[in-house]
1. Which condition from (1) more than 14 Å from the chain's Cα centre (by Cα); (2) over 15 Å from ARG127 (Cβ atoms) is the one that LYS24 breaks?
2. Out of the residues in segment 1-10 that are closer than 16 Å to PRO122 by Cα and either touching a residue at least 12 places away in the same chain (Cβ under 8 Å) or charged (D, E, K, R) (or both), which is surrounded by the most Cβ atoms within 10 Å (Cβ to Cβ)?
3. Quick test for you: out of SER13, SER94, pick the one residue that is of a type outside the set (Val, Ile, Thr), in contact (Cβ under 8 Å) with a residue 24 or more places away in the chain and open to solvent by 20 Å² or more (accessible area, probe 1.4 Å).
4. Please verify whether ILE106 is without any contact (Cβ under 8 Å) to a residue 60 or more places away in the chain and among the aliphatic types (A, V, I, L, M), treating the condition exactly as stated.
5. If you scan segment 128-149, which residues turn out to be surrounded by 14 or more Cβ atoms within 10 Å (Cβ to Cβ) and over 21 Å from LEU92 (Cβ atoms)?
6. Would a scan of segment 115-123 turn up a residue that is open to solvent by 60 Å² or more (accessible area, probe 1.4 Å) and of a type in the set (Phe, Trp, Tyr)?
7. Give segment 43-74 a look and list any residue that's touching a helix residue (DSSP H, G or I) at 6+ places or on another chain (Cβ under 9 Å), in a loop (DSSP other than H, G, I, E, B) and loosely packed, with under 13 Cβ neighbours inside 10 Å, or say none.
8. Being among the charged types (D, E, K, R), touching a residue at least 60 places away in the same chain (Cβ under 8 Å) and more than 21 Å from ASN6 (Cβ to Cβ) is the filter here; which residues of segment 17-58 pass it?
Amino acid sequence: MALEGNAKDFGLSEIFQLISIQKKSGMLSVAADESAAIFFQDGMIISTRDRRNSSSDPLKDFLVRYGFIGRREMGSIQKILSESSFDLTDILLSERYFNEDELGTIFAEQIYESIQEVLSWPKSQYRFIIGSNVLNGVKSHASLKVEAVL
């Protein structure tokens, strides 16, 4: 059974805390004018990258926006992504753009930014789908406590 509702009735921060306290695993889908997915494992936030929507990867945008990767480099990476089944993080590590520690730091910062954006959507709808099976295929390089993010 999914937990769903309107952020006007129960704020997203309250939903985050509920998921954390109960140490739930699954995906929180949030929709307003935009949509986002937040993945939890045992109550910890592990990703905001929705593998079902690779065209809108918040990590790609974050890397380019903050100058970690240039637009031309991202074009090359995008070509590899379109021709393979690799994840962006696999390419960043294998092509040595970053080491594991650097990628973990960047990944965590991107999660913080994405969640702060989602929390600013006052008229959003949410749906939490419980279960570890929702996490299949989710690549994570960080595990963040909800309290630290909020």
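1. It is condition (2) that LYS24 fails.
2. Quick first cut of segment 1-10, residues closer than 16 Å to PRO122 by Cα only: 4-10.
Still in the running and either touching a residue at least 12 places away in the same chain (Cβ under 8 Å) or charged (D, E, K, R) (or both): 4-9.
Details: GLU4: 13, GLY5: 13, ASN6: 11, ALA7: 20, LYS8: 10, ASP9: 7.
Checked segment 1-10; the qualifying residue surrounded by the most Cβ atoms within 10 Å (Cβ to Cβ) is ALA7.
3. On the way: SER94 fails: in contact (Cβ under 8 Å) with a residue 24 or more places away in the chain.
Matching residue, one of SER13, SER94: SER13.
4. Numbers: without any contact (Cβ under 8 Å) to a residue 60 or more places away in the chain: yes; among the aliphatic types (A, V, I, L, M): yes.
Criteria met by ILE106.
5. Of the residues in segment 128-149, the ones surrounded by 14 or more Cβ atoms within 10 Å (Cβ to Cβ) are 128-130, 134-135, 138-144, 146, 149.
Selection gives PHE128, ILE129, ILE130, VAL134, VAL146, VAL149.
6. As a first pass, look at segment 115-123 and keep what is open to solvent by 60 Å² or more (accessible area, probe 1.4 Å): 116-117, 120, 122-123.
Okay, now just the ones that are also of a type in the set (Phe, Trp, Tyr), so none.
No, the conditions are met nowhere in segment 115-123.
7. Matches in segment 43-74: TYR66, GLY70.
8. Filtering segment 17-58 for residues among the charged types (D, E, K, R) gives 23-24, 33-34, 42, 49-52, 57.
From what's left, touching a residue at least 60 places away in the same chain (Cβ under 8 Å): 24, 33-34, 49, 51.
Hits for segment 17-58 are ARG49, ARG51.
The values are calculated or read from the model by the stated rules, or taken from the named source; none is laboratory data. Please read all numbers here as calculations on a predicted model, not as lab measurements. With ideal geometry, Cβ positions are generated from the backbone for all residues, glycine too; neighbour counts draw on all protein chains shown. For the accessible areas, the whole protein counts, side chains as well, though only heavy atoms, and no ligand, DNA or RNA atoms are used. Shrake-Rupley method; radii C 1.70, N 1.55, O 1.52, S 1.80 Å.
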